[in-house]
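Below is one structure, written out as structure tokens, with a few remarks after it.
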Amino acid sequence: MRPSLFHGLIALFVAPLLVCSFPPTSSAQDRQPTIRFVRNPDPAPEFKLTGLDGKPVTLADSHGKVILLNFWATWCGPCRAEIPDLVRLQNKYKDRLQILGLVVDDDDGDAIKGFVEEFGINYPVAIASGEIRFQYGGIAALPTSFVLDEEGRIVQKHEGLRDPILYETEIRALLGLPIGNVKVETFEDTGQIFLKNADRASELPGVDLSKLTAEQKAAALHKFNAETCTCGCKYTLAQCRIYDRGCQISQAATSKIVAALAHPDQSKSAPTKSESAAPPALLAKPNEK
């Protein structure tokens, strides 16, 4: 994309593509496109890998540049679709941007090398270990990209195929380059970026806390962050709700906690089986002496 076209494309395309919330009014100011970065971001977990070319791949080697850390797989259609745009971005901002591709599929190295050559990937590619994927939140969708500022802190996370204009706008904003009429907002990470920050969340996906008092809500959130989900994810209930919104186990467990807090009298007074009926062996027979 030529620089002279950038601002025109921003005005035409960015607004409907960015994930943002605007009031339903007609003023131009309310329709202003917005990008969002984490307030007080955490450092990205460091790693030391060997790239497909035999060279080391680390975050430290790219310190001072904006980093786009892209988790992908050769079999992933959306991943394949975005690679040409990533190649273009790497070429356009090569002095101040470093894209790192971390492959999560199980193809052998030669097959992945052939893929890299076929698509003309011009940035380092390495195979991500399970440990690295876990450090970055498990990687629930592909592609997943983390945007790091020049200090190596994660300021945004994107799951799924995104328009390259979004990435370019974020990159330019972090580099202090013009971004046209795009507003930059900040937000608190409550698990969207790092699951470990789920304890900051006041709301969770699929969990209705609206009928609880402030004290009950605080108690519920404490339980969500103290109890581990039994689905096998090894996360807390809160983390599991953020990581896997379709998990029926964490959904049921959080609903049970909410119900118990909302109706404490019912949970205390409801008779158990042992209280409502004596075991048959203990019942006296009519003619028994």
Pair N225, E117: separation of 7 Å Cα→Cβ label points (nm): 5.1 nm
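With a cut-off of 8 Å between alpha carbons and a minimum separation of six or more residues, what is the relative contact order of region 52-114 in percent?
On the way: 50 pairs, mean separation 29.2, N = 63.
Relative contact order for region 52-114 comes out at 46 percent.
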Relative packing of 74-84, 204-214, which averages over residues the other C-beta atoms within 10 Å, highest first: 74-84, 204-214
Whole number in Å², please: accessible area per residue of region 90-205, 1.4 Å probe, ligands, DNA and RNA not counted. 43 Å²
Label-to-label distance, nm, for residues given as D106 and T34 (7 Å Cα→Cβ offset): 4.4 nm
Below 10 angstrom from the Cβ of A198, what's the summed charge of the other residues (Lys, Arg +1; Asp, Glu -1)? +1
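Grab the Cα-Cα distance for R133 and A81, subtract it from 0.36 nm times how many residues apart they are, and report the gain in nm with one decimal. Please list the in-between numbers first.
Numbers: separation 52, 0.36 × 52 = 18.72 nm, distance 2.19 nm.
Between R133 and A81, full extension yields an extra 16.5 nm.
The values are calculated or read from the model by the stated rules, or taken from the named source; none is laboratory data. Given the structure is predicted, the values throughout are model-derived calculations rather than measurements. Please note: Cβ atoms are built from the backbone with ideal geometry, for glycine as well, and neighbour counts cover all protein chains shown. To get the accessible areas, we keep the full protein, side chains included, count just its heavy atoms, and leave off ligands, DNA and RNA. Shrake-Rupley method; radii C 1.70, N 1.55, O 1.52, S 1.80 Å.
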